[in-house]
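Accompanying notes for the structure given below.
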Amino acid sequence: VQLQASGGGLVQAGDSLRLSCAASGRTISSYHMGWFRQAPGKEREFVAASIGWSGGSTAYAASVKGRFTISRDNARNTVYLQMNSLKPEDTAVYYCAAKSGSYSTTGSLYNYWGQGTQVTVSS
């Protein structure tokens, strides 16, 4: 499956952004879908996951819980990350990823990755 992330940009603290991850090649209903991010000089970290074919279950990193919402539209073969109340510490390149098999928050276990989209939050 090929993943294409988009929607990043430069915003001010407190603003919102919605990231999209469009998949092609296979339907995302076959995968757990995750969002990860990597800030300059830091390791990649888990942000959110849509678990299972319907995305009825979700998981979030503590740092984004209550501010970010992951969702999927299987008909559009797209996963979204709605980011509200953005903070400067949310600045990073955001990646979407797909994982078959069992669910995990460990990025190295994900099978497919998008190219990343830059999110910059100014104070």
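The values are calculated or read from the model by the stated rules, or taken from the named source; none is laboratory data. On a predicted model such as this, the values are computed, not experimentally measured, just so you know. For neighbour counting, all protein chains shown are included, and Cβ atoms are generated from backbone atoms with ideal geometry for every residue, glycine included. Heavy atoms of the whole protein, side chains included, go into the accessibility calculation; ligands, DNA and RNA do not. Shrake-Rupley method; radii C 1.70, N 1.55, O 1.52, S 1.80 Å.
Under 7 Å between Cβ atoms, which residue pairs at least 6 apart in sequence (or on different chains) link something in segment 66-91 that is over 13 Å from Ala49 (Cβ atoms) and outside any strand (DSSP E or B) with a partner that is open to solvent by less than 30 Å² (accessible area, probe 1.4 Å) and modelled with pLDDT under 95?
Asn74/Ile28; Asn77/Ile28
Would you call Ser30 touching a residue at least 12 places away in the same chain (Cβ under 8 Å) and more than 21 Å from Ser6 (Cα to Cα)? Break it down into steps so the answer makes sense when it comes.
Values: touching a residue at least 12 places away in the same chain (Cβ under 8 Å): yes; more than 21 Å from Ser6 (Cα to Cα): yes.
The answer is yes for Ser30.
Considering (1) among the aliphatic types (A, V, I, L, M); (2) loosely packed, with under 15 Cβ neighbours inside 10 Å; (3) modelled with pLDDT under 95, say which one Ala62 fails and leave the rest.
Status for Ala62: all satisfied but (3).
Could you please give the count of residues in segment 79-103 that are closer than 15 Å to Ser30 by Cα and more than 11 Å from the chain's Cα centre (by Cα)?
Residues in segment 79-103 being closer than 15 Å to Ser30 by Cα and more than 11 Å from the chain's Cα centre (by Cα): 5 in total.
Which one is most open to solvent (accessible area, probe 1.4 Å), of the residues in segment 97-123 that are in a loop (DSSP other than H, G, I, E, B) and farther than 18 Å from Tyr60 by Cα? Quick ask: steps written out before the conclusion?
Residues of segment 97-123 in a loop (DSSP other than H, G, I, E, B): 100-106, 110-111, 114-116, 123.
This time we only want the ones that are farther than 18 Å from Tyr60 by Cα, so: 100-101, 111, 114-116, 123.
Details: Ser100: 52, Gly101: 66, Asn111: 79, Gly114: 11, Gln115: 91, Gly116: 16, Ser123: 132 Å².
Ranking the candidates gives Ser123 first.
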